[in-house]
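One structure below.
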Amino acid sequence: MAKRKDHPVKIRKAVETDTDDIYRIHTAAIQNTCSSHYIPEEIKAWVSRQNPHRYLPFIRREEIVIAAADDNTVLGFGHATPDTILDEERRQQRNYIAVQIKGLFIDPQYNHKGVGTTLINHLEKTASEQGANMLTVLSTLNAVEFYRKCGFDLLEIVKHQVSDQVHLQCRKMIKNLMD
């Protein structure tokens, strides 16, 4: 288990009362962590599309998990759904059943403390239990090395639309779960 000041990180399903914490962490991570690889106009557009109510449908579908300290402080969250980024031809060729990580964000004050790895391990285990044999992610530029360390391979560079005028450069990555 990842540690935060000698306390274990617990993973649990998000509940509706977590929306403010998810929003706080999501926007703080974009502004503080992602800003190392994106220009201010991209960060502003990305943050402006967030709001606490945006997460409710995902929480209700049980797609978001929370990483929390033993005092229930929310340290980060992960969001996974059935894959939407792997092209149909690639899925057919290899008979892949894929789960896509739609988001993995850590409160910046807990970066590099194992929270992200704990979330990835949980998402991977859950995907495998659901019959998936692959994880995919559209990684932000700042997170590519993190995903590589977690066993993901780079597929291609893509543009992810965050507003009518702004498209973020991302990396489509994949991890085979069959090994």
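Taking segment 132-179 as the search range and keeping residues that are in a strand (DSSP E or B), of a type in the set (A, V, I, L, M) and farther than 15 Å from residue 80 by Cα, which one is most open to solvent (accessible area, probe 1.4 Å)? Even if it seems obvious, please write down each step before you answer.
Applying the first criterion (in a strand (DSSP E or B)) to segment 132-179 yields 134-140, 153-161, 167-176.
Subsequent filtering for residues that are of a type in the set (A, V, I, L, M) retains 134-135, 137-138, 154-155, 157-158, 168, 173-174.
Subsequent filtering for residues that are farther than 15 Å from residue 80 by Cα retains 154-155, 157-158, 168.
Details: 154: 75, 155: 63, 157: 102, 158: 30, 168: 2 Å².
Looking at the filtered set, the residue picked out is 157.
Evaluate the following for residue 96: is it assigned to a helix (DSSP H, G or I), surrounded by 15 or more Cβ atoms within 10 Å (Cβ to Cβ) and aromatic (Phe, Trp, Tyr)? Talk me through it step by step, then tell me what you get.
Details: assigned to a helix (DSSP H, G or I): no; surrounded by 15 or more Cβ atoms within 10 Å (Cβ to Cβ): yes; aromatic (Phe, Trp, Tyr): yes.
No, not satisfied.
Which one of these is surrounded by fewer than 21 Cβ atoms within 10 Å (Cβ to Cβ), in contact (Cβ under 8 Å) with a residue 12 or more places away in the chain and either under 25 Å from residue 43 (Cα atoms) or not polar (S, T, N, Q) (or both): 124, 129? Explain how you work it out, then say what you get.
Values: 129 fails: in contact (Cβ under 8 Å) with a residue 12 or more places away in the chain.
Just one listed residue meets the conditions, 124.
Cβ-Cβ distance below 7 Å, separation of 6 or more or different chains: which pairs start in segment 47-60 with a residue that is farther than 22 Å from residue 34 by Cα and end on one that is open to solvent by 30 Å² or more (accessible area, probe 1.4 Å) and part of a helix (DSSP H, G or I)?
Listed by first residue and then by second, the contacts come to 56/16; 59/16.
Pairs only if they're at least six apart or on different chains, beta carbon under 8 angstrom, first in segment 17-40 and at pLDDT 95 or above, second open to solvent by 50 Å² or more (accessible area, probe 1.4 Å); list them, first residue then second.
Hits for this filter: 19/53; 23/51; 23/54.
The values are calculated or read from the model by the stated rules, or taken from the named source; none is laboratory data. All values reported here derive from a predicted model rather than from experimental measurement. Note: ideal-geometry Cβ built from the backbone for every residue, glycine included; neighbour counts use all protein chains shown. Each accessible area value is taken on the protein alone, full model and side chains, heavy atoms only, with ligands, DNA and RNA left out. Shrake-Rupley method; radii C 1.70, N 1.55, O 1.52, S 1.80 Å.
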